[in-house]
């Protein structure tokens, strides 16, 4: 059963990233340098975005179920709970798109919880003799998660500052411009996509290692 769940987690993670990749071609009007992934909800292929979020959430939750019986410490189990919460947040991102009032809640559940959860679980796993040989990739992958979150925060602050200097202000009812205004340089979208790659990539890596035993 655990093998089947780990395999499902791996497949869901890959399908999530594949859905996101396809969106870059089917909704090419959304420039990846400054448009957030959630903004694909404004496009014509919202179902792909929903699939992306659902698969992301399921991959995290399924992996958490697999690992629950293989960790012993209280902190590691707390990390798995955070992984589940993160998965629920990702799943909610598919239920409540960027135009919905609960999309912010989905972000709060899905994004800040993952860095802590991944680190707690990773440091516990590498102390297990079966996992110790994979110490380097596991720790690199886990630390990239919080690094990607910091980079996205910096990228978003820089982007909003750049828009503000161009005379564009943002609130919950603001519709993003169709093109980047002259004089504005923004890379928040790239940081957003790097974060997703790190988040889902860690899940895929842990599931893949589990299946190698």
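For the reader, a short list of remarks on this structure follows.
- Residue 7 vs. criteria in a helix (DSSP H, G or I) and crowded, with 19+ Cβ neighbours inside 10 Å: no
- Check on residue 51, in contact (Cβ under 8 Å) with a residue 60 or more places away in the chain and surrounded by 18 or more Cβ atoms within 10 Å (Cβ to Cβ): no
- The range 150-166, subset in contact with a helix residue (DSSP H, G or I) (Cβ under 7 Å, 6 or more places away or on another chain) and surrounded by 19 or more Cβ atoms within 10 Å (Cβ to Cβ), residue farthest from residue 180 (Cα to Cα): 151
- Which listed residue is within 16 Å of the chain's Cα centre (by Cα), more than 19 Å from residue 191 (Cβ to Cβ) and touching a residue at least 24 places away in the same chain (Cβ under 8 Å), from 111, 84, 147: 84
Taken together, the values in this text are just the output of simple stated rules run on the coordinates, not laboratory data. Treat the numbers as computed from the prediction; the structure is a model and nothing was measured. So basically every Cβ, Gly included, is an ideal-geometry build from the backbone, and we count neighbours across all protein chains shown.
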